[in-house]
Amino acid sequence: QVQLVESGGGLVQAGGSLRLSCTASRNIFSLYWMGWYRQAPGEQRELVAALSTSDSTNYADSVKDRFTISRDNAKTTVYLQMNSLKPEDTAVYYCNANRRNSITNVRSDYWGQGTQVTVSS
């Protein structure tokens with residue numbers, strides 16, 4: 001089992017920045033992809049940023065060049081640096097760890113509890 005604990009959400013004005021943190025209960029980064037998802041009221045949960053076991057990244061088009069995902073192995077923590085925030089970035093942000101079994105192709109997911117990000121105009 002893996003526990004993920006997020007922090008860093010809050011209220012910020014448009015154009016501002018926030019950094020979200022997600023600390024894992026053990027070091028899983030060599031086995032699990034890490035990702036940040038978000039869910040706005042009435043919307044589907046969407047992938048915002050992902051970080052592979054080999055440090056490749058990908059981002060939703062809506063956040064490219066504004067958000068950066070990174071990790072600190074020693075702290076077992078993944079970060080999401082969010083710059084130039086917009087009101088449409090308002091959502092609950094969730095940390096995710098996932099791994100696909102190479103034999104069964106079954107995917108395992110762990111989720112954090114979520115942290116609210118609110119961007120005022």
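For 36, 111, what's the largest-to-smallest order of accessible area, 1.4 Å probe?
Descending accessible area places them as 111, 36.
Using a 1.4 Å probe and ignoring any ligands, DNA or RNA, find the accessible area of residue 31 and quote it in Å² to the nearest 10.
Roughly 90 Å² of residue 31 is accessible to a 1.4 Å probe.
If we count every other residue with Cβ under 12 angstrom of residue 116's Cβ, Lys/Arg +1 and Asp/Glu -1, where does the sum land?
Details: positive: 38; negative: 6, 89.
Once all neighbours under 12 Å are counted, the net charge is -1.
Most mobile of 83, 105, 96 per a Gaussian network model of the chain (Cα springs, under 10 Å)?
105
So how strong a dipole does the chain carry about its Cα centre when Lys and Arg Cβ are +1 and Asp and Glu Cβ are -1, to the nearest 20 debye?
Values: 12 positive and 10 negative charges, 63 e Å.
About 300 debye.
Taking the chain as a Gaussian network, where each spring joins two C-alpha atoms under 10 Å apart, which residue of 44, 81, 13 fluctuates the most?
Comparing 44, 81, 13 in the GNM, the peak value goes to 44.
What are the ³J(HN,Hα) couplings of the stretch 109-116, residue after residue, when phi is run through the Karplus curve with 6.51, -1.76, 1.60 and θ = phi - 60°? Round to Hz, x for glycine and proline.
Per residue, the Karplus-derived 3J(HN,Hα) values read 10, 10, 10, x, 7, x, 9, 7 Hz.
Taking a 1.4 Å probe, which of 65, 109, 55, 89 shows the most accessible area, and what order do the others take after it? Write down the numbers at each step before the final one.
On the way: 65 160, 109 60, 55 95, 89 0 Å².
Reading off the accessible areas and sorting them downward yields 65, 55, 109, 89.
For residue 33, what is the net charge nearby, where nearby means another residue's Cβ is under 9 Å from its Cβ and Lys, Arg count +1, Asp, Glu -1?
Numbers: positive: 99, 100; negative: none.
Computed value for this residue: +2.
Could you report the accessible area of residue 66 in Å², rounded to 10, computed with a 1.4 Å probe on the protein chains as they sit in the structure?
Using a 1.4 Å probe on the heavy atoms, I get roughly 30 Å².
Which of the listed residues, 76, 63, 34, is farthest toward the dipole's positive end in the chain, when Lys, Arg count +1 and Asp, Glu count -1 at the beta-carbon?
Value computed over the given set: 76.
Just the accessible area for residue 115, please: 1.4 Å probe, Å², rounded to the nearest 10?
Looks like 20 Å² after rounding.
If contacts are Cα pairs under 8 angstrom and at least 6 residues apart, what is the relative contact order of the chain in percent?
Working: 289 pairs, mean separation 42.2, N = 121.
In percent, rounded to a whole number, it is 35.
Keeping the other protein chains in place, figure out the carbon and sulfur percent of the accessible area of the chain, with a 1.4 Å probe.
Details: 2960 of 6530 Å².
That share works out to 45 percent.
Two-decimal Rg/Rh of the chain from alpha-carbon positions, Kirkwood Rh? All intermediate terms of the calculation are to be shown ahead of the outcome.
Numbers: Rg = 14.0 Å, Rh = 14.5 Å.
Here Rg/Rh amounts to 0.97.
Tell me, what is the per residue accessible area of the chain in Å², probe radius 1.4 Å? Let's see the in-between values first.
On the way: 6530 Å² over 121 residues.
Result: 54 Å² per residue.
Considering only 106, 12, 78, give the residue with the highest GNM mean-square fluctuation for the chain, with springs between Cα atoms whenever their separation is below 10 Å.
Among 106, 12, 78, the largest GNM mean-square fluctuation belongs to 106.
The values are calculated or read from the model by the stated rules, or taken from the named source; none is laboratory data. Keep in mind that what you see is a predicted model, and the values were worked out from it rather than measured. Methodologically, a virtual Cβ is constructed for each residue, glycine included, from the backbone with ideal geometry; neighbour enumeration extends over all protein chains shown. The area values use the complete protein model at the heavy-atom level, side chains included, leaving out ligands, DNA and RNA. Shrake-Rupley method; radii C 1.70, N 1.55, O 1.52, S 1.80 Å.
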